[in-house]
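The values are calculated or read from the model by the stated rules, or taken from the named source; none is laboratory data. Remember, it's a predicted structure, so these values are computed and weren't measured experimentally. Glycine gets a Cβ as well: all are built from the backbone with ideal geometry, and neighbour counts include every protein chain shown. The protein model used for the area step is the full one, side chains on, heavy atoms only, and it has no ligands, DNA or RNA in it. Shrake-Rupley method; radii C 1.70, N 1.55, O 1.52, S 1.80 Å.
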Amino acid sequence: MSSIKKVQITFDCAEPERVARFWCAVLGYDAPPAPEGFASWEEFDDAEPGRRGADWASTDPVGDEPRLFFQRVPEGKAVKNRVHLDVRAGTGLVGAERLAVLEAECARLVALGAVHDHTLYADGVNESCINMRDVEGNEFCLD
């Protein structure tokens, strides 16, 4: 029998720092410290003319959740994601109480730069969820 493996979730992005800071704020993850020998990420970026920012890795402060890695790629997002994150903001809640929590979290994330695509309302079989996009257009759900 094989052992369970840890996973890392990798985001291809144009601006790794911007996307990483967004997801750190969404999930409560820790932003990485500046590279050794530098007081800040800005100082690191300024150290080499033409540098467009470094890749970032963000971690759950408790250490239970997957590491997030944000890597710069030259191409832009072209199509819908085949895999997306579900941000579990309403776990255990139902009906109007769940929808209120999801809507409040949606408003918080929109203030951080997310886009609210649409809300799927409870239909008697499935509970409400909200489809959103991050600061570079990657789809995710609040559920």
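The magnitude of the dipole of the chain, with charges of +1 and -1 set on the Cβ of Lys/Arg and Asp/Glu and taken from the Cα centre, is near 360 debye. Computed over all pairs of different Cα atoms, the Kirkwood value for the hydrodynamic radius of the range 76-143 is 12.3 Å. Between V94 and A39, the contour length at 0.36 nm per residue exceeds the Cα-Cα span by 15.2 nm. With the simple spin-label model, which puts each label point 7 Å out from Cα in the Cβ direction, the T10 to L27 separation comes to 1.5 nm.
Accessible surface computed residue by residue for the chain, with neighbouring protein chains in place and a 1.4 Å probe, gives 62 Å² per residue. If you wrap the chain in the convex hull of its Cα atoms and look at it from every side, the mean projected area works out to 11.8 nm².
Summing charges over all other residues whose Cβ lies under 15 Å from the Cβ of A122, with Lys and Arg as +1 and Asp and Glu as -1, gives -4. Counting only protein heavy atoms and a probe of 1.4 Å, the accessible surface of the range 1-80 is 53% carbon and sulfur. The residues packed around V87, meaning those with a beta-carbon under 12 Å from its beta-carbon, carry a net charge of -4 if Lys and Arg are +1 and Asp and Glu are -1. Neighbours of T59, meaning other residues whose beta-carbon lies under 9 angstrom from its beta-carbon, give a summed charge of -2 when Lys and Arg score +1 and Asp and Glu score -1. The longest part of the chain holding none of the exposed loop chymotrypsin sites (Phe, Trp or Tyr not before Pro), meaning those outside H, G, I, E and B in DSSP with at most 16 other Cβ atoms within 10 Å, is 39-120. What residue among V125, V83, V26 has the largest mean-square fluctuation in a Gaussian network model of the chain, using Cα springs under 10 Å? Largest GNM mean-square fluctuation: V125.
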